[in-house]
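In what follows, a single structure is set out as structure tokens and then discussed.
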Amino acid sequence: MKIAVFGAGAWGTALAMAAAQRHDTLLWARDASQAQALLAERRNSRYLGGVALPPTLRVTADFSQAQAHACQGLTVIATPMAALREQLARIPDARPVLWLCKGFEARTGALGHEVAREVRPSAAAGVLSGPSFALEVARGQPTALVAASNDTALVQSAVAAFHGDNLRVYSSTDTVGVEVGGAVKNVLAIATGIVDGLAGAGREGAPGLNARAALITRGLAEMTRLGVALGARPDTFMGLSGLGDLVLTATGDLSRNRRVGLMLAAGRTLPETLSELGHVAEGVYSAVTVRDRARAAGVEMPITDAVCEVLEGRLGPADALRLLMARDPRPEA
């Protein structure tokens, strides 16, 4: 199978590395200098440290070459959500396409499948998501993902492309649920990072592991409420793209969104945090959009609301936690 991966960040590079073990895979980098560095060094030094690219993985900055490569194969978009619309518009409408980005589009509040429906209404399209730190995938460590689309042939292509000894790919028809899980977990990971950061400060009355467990559990309930309101199936949120991705991103030390929460709890400003992070943390850019979609759907998301208050500078991390603890609990659901 021919596979073209558009986007040479951490996740795009890692998935291309996995695919290149068994398929003719071409990785497209937007920046010609980055493509040259990848070819010269045979590693993605900025995103994936010392992990060597497989010798079979080819790299280019020529968009037309990458398009031609995937003409009879699979196109995978691995850019941030902000670039999904642009990339979809550049791909012929008849071409089946998967995207890896997670979140809501900032300008419109649209999920990936909603963007695709506008830009490529007749094309086979879907999302590949799930609990996956790029560095572990690049190292060949065991990982499980889920491919979601209403197009059965596209899901089968995704499984054929990426399912292997150390990478399992499950299938789903609930694109809405998979995308909502992938978007909201980033916001909840910021919240968990805040709680853990406050706990690490060691002050009297600081939160601990009980608070973390409560936040993740109630965050899953928030995620499910929003997903169901937007047309998802409830059971999807107990799977890889819901509970699985939430637990990984909220507790894993490789999580950029968790690190944002930790740094905010330590007293850094948001600009300082993002400068030090050096990479995109999707939860920062999608939190307000998640909140707005929830409000439009009449869905209560108090944890998301609190994260937005912190990111917008209206509440400090400790005050946000106190606000959450002071809320009257709703029935457990």
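Which of rounded, prolate, oblate describes segment 280-333, given a ≥ b ≥ c as roots of the alpha-carbon gyration tensor eigenvalues and a/c under 1.5 marking rounded, otherwise prolate only if a/b is larger than b/c?
oblate
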Heavy-atom surface of the chain, accessible at 1.4 Å and reported per residue (Å²): 42 Å²
Stretch in the chain that is longest and holds no GluC sites (Glu not before Pro) that DSSP places in a loop and that have at most 15 other beta carbons within 10 Å: 1-203
Gain on full stretching of the segment that runs from K2 to A52 - 0.36 nm per residue minus C-alpha separation: 15.9 nm
Charge dipole of the chain about the Cα centre (unit charges at C-beta), most positive-ward option of V307, L15, F133: L15
Cβ-derived FRET efficiency at R0 45 Å, R42 paired with A326, nearest 0.05: 0.25
Percent accessible area from carbon and sulfur atoms, segment 176-326, protein chains only, probe 1.4 Å: 56 percent
Cα centroid of segment 46-119 to Cα centroid of segment 180-232, whole Å: 29 Å
Net charge, D24 excluded, C-beta distance under 12 Å - Lys, Arg +1, Asp, Glu -1: +3
Point-charge dipole on Cβ atoms (K/R +1, D/E -1) for the chain, about Cα centre, debye to 20: 320 debye
Debye, to nearest 20: dipole size of segment 2-173, +1 on Lys, Arg Cβ, -1 on Asp, Glu Cβ: 180 debye
Anisotropy class of segment 236-332 from Cα gyration tensor, a/c 1.5 cut: oblate
Three-way shape label, segment 139-182, alpha-carbon gyration tensor, a/c 1.5: oblate
Cα coordinate range in the chain, projected on the principal axes (Å, largest first): 58, 40, 35
Crossing angle, helix 10-19 versus the chain [Cα axis fit, 0-90 degrees, rounded to tens]: 40 degrees
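I'd like the trypsin sites (Lys or Arg not before Pro) in segment 129-234 restricted to DSSP loop residues with at most 13 other Cβ atoms within 10 Å, sorted by number.
Working: sites: R139, R168, K185, R203, R212, R218, R225; in loops: R139, R203.
Hits after loop and neighbour filter: R203.
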Listed residue (L215, V180, S157) projecting farthest to the positive dipole end of segment 155-292, Cβ model: L215
Candidates S132, S171, S286: whichever shows maximal mean-square fluctuation once the chain is modelled as a Gaussian network with Cα springs under 10 Å: S171
Helix 32-41 axis, angle to the chain major axis (alpha carbon atoms, nearest 10°): 80 degrees
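The values are calculated or read from the model by the stated rules, or taken from the named source; none is laboratory data. Fair warning: this is a prediction, and the values are worked out from it, not measured in the lab. So basically every Cβ, Gly included, is an ideal-geometry build from the backbone, and we count neighbours across all protein chains shown. Please note that ligands, DNA and RNA were not included when accessible areas were found on the heavy atoms of the full protein model with its side chains. Shrake-Rupley method; radii C 1.70, N 1.55, O 1.52, S 1.80 Å.
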